[in-house]
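S.K.: Here it is, the structure in full.
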Amino acid sequence: MTPPIAGNDGLVPAGTKVPEIALPLLDAPGRRTPVPRPGVEGLTLAAFVKESCPTCRFTLPFLERLHTQVAAHGGNIVVVSQNDPQETAGLRNELDLTIPIVIDAPNLELSRWFDLVAVPTMYLIDESGAVRRGSVGFNRKDLTVMADELAASVSAAKPSLWKPEEKIPDLRPG
C-alpha cells in the first residue's frame, strides 16, 4: 500500500486505510502483531512514542489511565515505540506501564508509513483499519475526544483521564 503524505498538520487524513504492518511485541519479541489488528472490535488508539521525548513521557501516564479503564471492555490501545526493546522496556518499567507495546525500530516501517513529523503522534483507527482522527504532541482536547470515542466503541464508561488536583496544560508540543 502506498504511504500517504501527511497534511500541513502533520497527520494522515481521516479515512486513510492503514496497512496491516506486523511489529514485534515488547513482551514476546518472537511474536508479531499487526497495527491495527484485524478483527478487533471497537476502535484502536495507536500512540507513537520515543523514549527520549519529554512530551511522550508526559502523555504515557494518561494513556495508561485510559488503558486501565477500557481494557477489560476490549478497548484497544497500543504504544508503537521507535526505540529498541531494551530502551523501550526501561521506559515501560520507569513509568509502570501495562499498555501493550510494539517495537517499530530499527526500520520505523509503520512510523514512516504514517509520515510522522513528531512524537507523540496518536491515531484513532476504526475496525476497518481506517484513520478516524489523529493528534500530534499532547493535546488535552484531542486526547479527551479520542478517549471518549474509544470507550464508547467498546461500551465502556466515559473515561476519567484527568485528576482534579493535576495542573494539565491544554497543549504541549512533541
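Please treat every number below as a calculation from the coordinates, not as lab data. This is a predicted model, so every value here is computed, not measured. Reconstructed Cβ throughout: ideal geometry from the backbone, glycine too, with neighbour counts over all protein chains shown.
S.K.: Quick one: dipole size for the chain, taken about the Cα centre, charges +1 on Lys/Arg Cβ and -1 on Asp/Glu Cβ, in debye to the nearest 20.
M.R.: Once rounded to the nearest 20, the dipole reads 180 debye.
S.K.: OK, next. Along the Cα→Cβ direction, 7 angstrom out, place labels at residue 95 and residue 117. What is the inter-label distance in nm?
M.R.: Distance between label points: 2.2 nm.
S.K.: Looking at the P(r) of the chain, how many percent of alpha-carbon pairs lie beyond 21 Å?
M.R.: 43 percent
S.K.: If contacts are Cα pairs under 8 angstrom and at least 6 residues apart, what is the relative contact order of the chain in percent?
M.R.: This gives 31 percent for the chain.
S.K.: Okay, next question. With runs of 4+ DSSP H residues as the only contributors, calculate the mean residue ellipticity of the chain at 222 nm using -39,500 (n - 2.57) per run, divided by the residue total and rounded to the nearest 500.
M.R.: Value at 222 nm, helices only: -8500 deg cm²/dmol.
S.K.: What nm value, rounded to one decimal, do you get for the distance between residue 155 and residue 107 when each label is placed 7 Å out toward the C-beta?
M.R.: 4.0 nm
S.K.: Which lysines, if any, have their Cα less than 23 Å from the Cα of residue 141, not counting same-chain residues under 8 positions apart?
M.R.: 50, 158, 163, 167
S.K.: Mind listing the phi-derived Karplus ³J(HN,Hα) values for the stretch 121-134, rounded to whole Hz, using 6.51, -1.76 and 1.60 with θ = phi - 60°, and x for any glycine or proline?
M.R.: 10, 10, 10, 9, 10, 7, 5, 8, x, 9, 5, 8, 6, x
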